[in-house]
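Structure first, then comments.
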Amino acid sequence: MKLLLSIKPKYVEKIFSGKKRFEYRKIIFKRRDLEAIVIYATKPIGKIVGEMRIRKIHQDTPENIWNKTKNFSGIEKDDFFKYFRDKNIAYAIEFENVIKYNNPISITYAPPQSYKYI
């Protein structure tokens, strides 16, 4: 099964460049049979632009997640801790085998605010 994940364009570019190898979330999806993430770049792009294989999902305190993933976070430390403000648990989706589509795909339905199973 795949997951459609909404990601801001500035982070999508870092994923494609290899500077970002982890996607951070405050809550994680329930299903554990997921193999890949389909990347929806939010507005102003507003299209499906690629996909990536899920390698592992890390769960820990924000401090420990940052220490484990900071070299390939693709995000500034202050922004990371602002995102996880008041959270005791942080999730880092580690991914690999990133594919950038040559022709981004428009969708005919409302994009997910966070994620959607597909």
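A few notes on this one:
- Separation of the K43 and K10 label points, Cα + 7 Å toward Cβ, nm: 1.8 nm
- Cα gyration tensor, the stretch 22-76 - rounded (a/c under 1.5), prolate or oblate: oblate
- Local net charge near D78, Cβ-Cβ under 13 Å (Lys/Arg +1, Asp/Glu -1): +2
- What separates the Cα centres of the stretch 26-45 and the stretch 72-118 is a distance of 6 Å.
- Here the 3J(HN,Hα) profile of the stretch 94-109, calculated from phi with Karplus coefficients 6.51, -1.76 and 1.60 at θ = phi - 60°, is 8, 10, 8, 6, 6, 10, 9, 5, 5, 10, x, 10, 6, 10, 9, 10 Hz, Gly and Pro shown as x.
- The stretch 17-118 pair-distance distribution - Cα-Cα, 10 Å bins, rounded %: 14, 43, 36, 7
- For I107, the residues whose amide H sits under 5 Å from its own are I48, ignoring neighbours fewer than 5 places away on the same chain, with H placed 1.01 Å from N.
- Computed about its Cα centre, the charge dipole of the chain is approximately 100 debye, with only Lys, Arg, Asp and Glu carrying charge at their Cβ.
- Accessible area per residue for the chain, computed on protein heavy atoms with a 1.4 Å probe, is 62 Å².
- Loop-located GluC sites (Glu not before Pro) across the stretch 1-96 with a Cβ neighbour count of 12 or fewer within 10 Å are E35, E76, with loop assigned by DSSP.
- Among the trypsin sites (Lys or Arg not before Pro) in the stretch 1-94, those placed in a DSSP loop whose Cβ has at most 15 other Cβ atoms within 10 Å are K19, K26, K30, R31, R32, R85, K87.
- Three-way shape label, the stretch 64-104, alpha-carbon gyration tensor, a/c 1.5: prolate
The values are calculated or read from the model by the stated rules, or taken from the named source; none is laboratory data. For clarity, every value in this text was computed on a predicted model and none was experimentally measured. Cβ: placed from backbone, ideal geometry, glycine included. Neighbour counts: every protein chain shown. Protein only, heavy atoms only, side chains kept; ligands, DNA and RNA dropped before computing areas. Shrake-Rupley method; radii C 1.70, N 1.55, O 1.52, S 1.80 Å.
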